[in-house]
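First the structure, which I've put down as structure tokens, then a few questions once you've had a look.
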Amino acid sequence: EMATLGAMLTSPVAFVKALPVVTADDFYRPHNATVFRAVVDADEPDPVVVAGLLIKTGAMSQPAMRNGAYLQECMAACPSPGMVERYARQVADMGARRRDITHATRVAREAREGTPESLAAALDAMREDLASRSTTATTDEDDWTGHTTGGGAFVFDTPDLPPAVWGYGQEVLWAQGE
């Protein structure tokens, strides 16, 4: 969470890349969600501007913010702003898991103690949340085409020339016994 926020605070490009991936509801720590909202509400993703918004809303006085030191800690927690999509995806995935657990807990409670109507409402809420996530587009990283090979390819797709250990053409070093 801190790495995502740090990337968004240090790089306008990272800010733009993270926005479609993560929402404030995905953050586990409430103060991280507060910082995220301030970054989104800022005219630009700048730590000074964000700090000003947090001061104006009174959020900077929360103990977790440590009078602004937390923004610096977030920026320090981000080793590479270029990895923001991965960081944001991890935050979003964990947020989705927490929502799944919340839905499952509610369904179990309603099944045990509630009415058929309250159970149906809990199930509908869970289905709606799952359906909203299943319609999101996959990213290039989620597409494994070209990264996997069918099992038969190892047997049936033999190269015209066996691969050399070292060299090319007639100047080749072969492994002993080849």
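The values are calculated or read from the model by the stated rules, or taken from the named source; none is laboratory data. Predicted model only: the values in this text are computed from it and were never measured. Positions of Cβ are backbone-derived with ideal geometry, glycine not excepted, and every protein chain shown enters the neighbour counts. Areas reflect the complete protein model, heavy atoms only, side chains present, ligands, DNA and RNA absent. Shrake-Rupley method; radii C 1.70, N 1.55, O 1.52, S 1.80 Å.
At 0.36 nm per residue, and after removing the present C-alpha to C-alpha distance, how many nm does the segment from Val49 to Thr115 gain when stretched out fully?
18.8 nm
Quick one: plug the Kirkwood hydrodynamic radius of region 37-88 (C-alpha pairs) into Stokes-Einstein at 4 °C, 1.567 mPa s, and report D in µm²/s.
This corresponds to a translational diffusion coefficient of 110 µm²/s.
Can you check what the Kirkwood hydrodynamic radius comes to for region 1-97, Cα pairs only, in Å to one decimal?
Over region 1-97, the inverse of the mean reciprocal pair distance is 12.8 Å.
Explain nothing, just the number: relative contact order of region 1-144, from Cα pairs under 8 Å at least 6 residues apart, as a whole percent.
Computed value for region 1-144: 31 percent relative contact order.
Just the number please: accessible area per residue for region 1-146, 1.4 Å probe, all protein chains included, in Å².
In whole numbers, region 1-146 has 60 Å² accessible per residue.
Here's a follow-up. Taking the Cβ-Cβ separation of Arg66 and Ala96 as r and a Förster radius of 35 Å, what is the calculated FRET efficiency to the nearest 0.05?
0.75
While we're on this one: Using DSSP to call loops (not H, G, I, E or B), can you name the chymotrypsin sites (Phe, Trp or Tyr not before Pro) in region 1-70 whose Cβ has at most 12 other Cβ atoms within 10 angstrom?
For chymotrypsin sites (Phe, Trp or Tyr not before Pro) across region 1-70 that sit outside H, G, I, E and B with at most 12 neighbouring Cβ atoms in 10 Å, the list reads Tyr28.
In addition: Provide the packing ranking of 112-120, 80-88, 5-13, i.e. peptides ordered by the mean count of other C-beta atoms within 10 Å per residue, highest first.
Put in order of decreasing packing, that is 5-13, 80-88, 112-120.
Sticking with this one: Report the label-to-label distance for Ala77 and Tyr28 in nanometres (one decimal), using points 7 Å from each Cα along the Cα→Cβ vector.
A separation of 1.0 nm, rounded to one decimal place.
For region 48-133, which whole percent of the accessible surface, found with a 1.4 angstrom probe, sits on carbon and sulfur atoms?
60
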